[in-house]
1. For Glu521, Glu300, Glu241, give me the order by solvent-accessible area with a 1.4 Å probe, most accessible first, ignoring ligands, DNA and RNA.
2. What value does the stretch 111-169 have for Rg/Rh, both radii from Cα atoms and Rh as Kirkwood defines it?
3. Quick one: which residues, 5 or more positions from Val410 or on another chain, have an amide H under 5 Å from its amide H? H modelled 1.01 Å from N in the peptide plane, none for Pro or chain starts.
4. Excluding ligands and nucleic acids, what accessible area in Å² is computed for Lys322 using a 1.4 Å probe, to the nearest 10?
5. Among the lysines, which fall within straight-line cross-link reach of Lys254, defined as a Cα-Cα distance under 28 Å, with same-chain neighbours fewer than 8 residues apart omitted?
6. What value in Å³ per residue do you get for the convex hull of the alpha-carbon atoms in the stretch 311-390?
7. Compute, for Glu39, the solvent-accessible surface of its heavy atoms (probe 1.4 Å) with the complete set of protein chains present, and express it in square angstrom to the nearest 10.
8. To the nearest 500 deg cm²/dmol, what mean residue ellipticity at 222 nm is calculated for the chain from DSSP H runs of n ≥ 4 alone, each contributing -39,500 (n - 2.57), summed and divided by the residues?
Amino acid sequence: MQDLTVTTNPALGQWIDEVQALCEPDQVHLCDGSDAEYERLCSTLVAAGTFIRLNEEKRPNSFLCRSDPGDVARLEHRTFVCTADRDDAGPTNNWADPAEMRAELQPLFKGSMRGRTMYVIPFSMGEPGSDLSMIGVQITDSAYVAVSMKLMAHIGLPVLRALGAGEFVRCLHSVGAPLAAGDRDVPWPCNAEHKYIVSFQDDGSIASFGSGYGGNALLGKKCLALRTASLKGRKEGWLAEHMLIMGVEDPAGKTTYVAAAFPSACGKTNFAMLLPPEGFAGWKVKTVGDDIAWIRPDAEGTLRAINPETGFFGVAPGTNDKTNPNMMAAIARDTIFTNCALTPDGDVWWEGLTEVRPPALVDWRGLDWTPQAGRPAAHPNARFTVSRARCPSMDPLAADPAGVPISAFVFGGRLSHTFPLVFEARDWREGIYWAATLGSEATAAAENQAATRRDPFSMLPFCGYNMADYFAHWLSMGDRLANTPAIFRVNWFRRDDGGAFLWPGFRQNMRVLKWIVQRTENRGGGQVASVGLVPRYHDIDWRGLDYNGQTFEALMKVDRDELRQELQSHDVLLESFGHRLPAALSVTRQALLDALDQAPPQN
Ligand code: GTP
Ligand code: SPV
Ligand code: MN
């Protein structure tokens, strides 16, 4: 195996040798990506106590994994973007000097894999061999990462063949827990003291140390497909986005594709797999992706999108037969569950899975749990990892390297007030303004975040360069398109004065989606409001839902003073970019404020 690498890609052979000399693993294993290898590695993880094999009848070929309680989510304050010039990383990223960061990491990686196996995982984001794909090689000392990568990306020999002598992204990962001779391993090794997730934007390489969880460790996902790819996309004229992609098929069989950006843990997976409610016979949602979209203009000036991933790393709490029946079907087998609770009969459970909580469980930390325990049984950021092949709503075009044509972009945060259920931006520029100033209230997907924060384009932790340049890139993309997608903002999370959600959400979001699709066809009525175009009560299809006009009014109300305050609060973000901020954004902000002052009070 090693020979194949060396003969077909000398640079890879050399890099493997260098990392081996640095990290000093006991063994090196080049992943071929086969099913047999996956099964062997899962059995090794069971033997090591990292995986618990779930009840074969209830959850075939599935495993539960419990992470270290200190390693449960992405760590934004330990994520670094290294560029020679600090301004190229911009005010929204943690910047570090590349040479200094390399010097800081070197002693940490030295000997960091002692007593462990070093896995070499060639992977392709996008179909192997396609011009639109990016090939990476992740070297890791985590078998959990190796099996997760098998579900999330194309890996192994087909990727090595596609790579040939070509270039690849170097992705180095160590959990940072070397074992001395005679040491007993723990189920979830990680480094309590040192954690780093680093993008070296000078040479395009990635290094991650100390964490084994999610986006910190599966380096094809946030690190390569967003931070590295966003910079490459800017140079080459395309977009790497934190977006789901879905096709909406109408009863006549016409499919309209929509890409939507919601911040982490704000409903991308549920929306991407939406099952239309009663009353929507003939309508179908076809899933292309739930987290990442790579989007480029084609020769006709249409934006086409691919999902570079082959699987889902989805939030478990809240997932059930009502909120996401397609995901429930997907995870019925062949799934890795992390930080969920364990039932006495060897199945998994999490908050929201069933209405009634089970009387006794083992919680995500391995402790006995009852409903009286006063703490959640599953971690709020508990997740499942499953291949897209298991998902019943998958679009057959999801693997088409040509991608799908995007007719609309949708942006949405978790906002309990001010923002209505949906509105359409008046034009590309205003749409970009609303995307750039997207805000959201706290979720469990990332540690150390403030109660509410701006999350421009839901890319705050993922944009690999100066966010002001990113806004400019989006603005200029509009000039290159013949078919410019419409841009919408949605908010499933508005609450009444008592704190209850005003909108039922989940499957009912189909009603909003139908209006969006009709708007892209210049159908679907609405009226002009201060924020843009909004649907009136009768513009929404209410078949099968008893939702009264008064609640709709409360849901859609845009209060002039609240909106003015909102626009004024954008200053903090916009001013942080200084002269680098595209003028179009401050001009748009001022125009929106001026229009507010002139509008009649009810708008
Ligand atoms: P990442 O995987 O972290 O990027 O996030 P995601 O956007 O895919 O998150 P996901 O779809 O897993 O969001 C999960 C959370 O959103 C859960 O708390 C859900 O209950 C909530 N959620 C999703 N859709 C809706 C909705 O329509 N209404 C309400 N109220 N909550 C929703
Ligand atoms: C997110 O936080 O946006 C995720 C989960 O999709 S992770 O892959 O861990 O970043
Ligand atoms: Mn995400």
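The values are calculated or read from the model by the stated rules, or taken from the named source; none is laboratory data. What you are looking at is a predicted structure, and each value in this text was computed from that prediction instead of being measured. Protein only, heavy atoms only, side chains kept; ligands, DNA and RNA dropped before computing areas. Shrake-Rupley method; radii C 1.70, N 1.55, O 1.52, S 1.80 Å.
1. Numbers: Glu521 45, Glu300 130, Glu241 0 Å².
In descending accessible area the options line up as Glu300, Glu521, Glu241.
2. Values: Rg = 12.1 Å, Rh = 11.9 Å.
Value, to two decimals: 1.02.
3. So Val410 has HN proximity to Ala259, Ala260, Ala261, Phe488.
4. Rounded to the nearest 10, that gives 140 Å².
5. Qualifying lysines at Cα under 28 Å: Lys268, Lys284, Lys286, Lys322, Lys514.
6. Working: hull volume 6.7 nm³, N = 80.
Hull volume over Cα atoms, normalised by residue count, gives 83 Å³.
7. The accessible area comes out at roughly 100 Å².
8. Using -39500 (n - 2.57) per qualifying helix, the result is -8000 deg cm²/dmol.
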